[in-house]
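Each value in this text was obtained by applying a stated rule to the coordinates, not by laboratory testing. Predicted model, so just to flag it, every value in this text is computed and none were measured. Glycine gets a Cβ as well: all are built from the backbone with ideal geometry, and neighbour counts include every protein chain shown.
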Amino acid sequence: MDVDNRPIPRDVLVALSQTPEVTAQTRRLANDIAKDARQLAPVRTGNLKTRGIGVERMVDRATGAVFYAVGWTPEGWYGWLVERGTEDTTPRPHLVPAAVKHGARSAAG
């Protein structure tokens, strides 16, 4: 089987990102990552599991590409401290492992 490794033109990627089918699938994937991150989040107050992790629809201003960002909400602003740890606390990764589970590549590996 021949594989075409040529890059896809940016305008084609932008147009694809705006189609209802791709947008819906991307949103589902982002929601799945957020769900898994909530399940992996450690519990102290329960805030990260309930409202500290969210999904937001984004549009790249330069290209118009539509994508979804998964991250900590304003209520879960401290999530990155939990994820990475501090000088006084051990890291408790939850967002990165959830993303890796769904196909993201870890910067560490």
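Assorted remarks:
- Counted by Cβ distance under 12 Å from residue 48, the other residues give a net charge of +3, where Lys and Arg count +1 and Asp and Glu count -1.
- Residues whose amide H falls under 5 Å from that of residue 18, counting only those 5 or more places apart or on a different chain, are 66, with hydrogens built in the peptide plane.
- Relative contact order of region 10-101: 30 percent, from C-alpha pairs under 8 Å at least 6 residues apart in sequence.
- Percentage, to the nearest whole number, of Cα pairs in the chain over 24 Å apart: 37 percent
- Relative to the longest principal axis of the Cα atoms of the chain, the long axis of helix 20-40 lies at roughly 20 degrees.
- Residues residue 90 and residue 58, FRET efficiency given R0 of 22 Å [Cβ-Cβ distance, rounded to 0.05]: 0.10
- For 12, 70, order by how many other beta-carbon atoms lie within 10 Å, fewest first: 12, 70
- Sites residue 102 and residue 2 - FRET efficiency at Förster radius 25 Å, r taken between beta-carbons, to 0.05: 0.30
- Shown here for region 23-75: chymotrypsin sites (Phe, Trp or Tyr not before Pro) in loop regions (DSSP other than H, G, I, E, B) with at most 12 other Cβ atoms within 10 Å, of which there are none.
- Trypsin sites (Lys or Arg not before Pro) restricted to DSSP loop in region 44-109 with at most 14 other C-beta within 10 Å: 44, 51, 61, 105
- Our note on the geometry: Cα centres of region 62-96 and region 28-48, 11 Å apart.
- Derived scalar couplings between HN and Hα for region 59-66 equal 10, 5, 4, 6, 10, x, 5, 9 Hz in order, rounded to whole Hz, by the Karplus curve 6.51 cos²θ - 1.76 cosθ + 1.60 (θ = phi - 60°), x for Gly and Pro.
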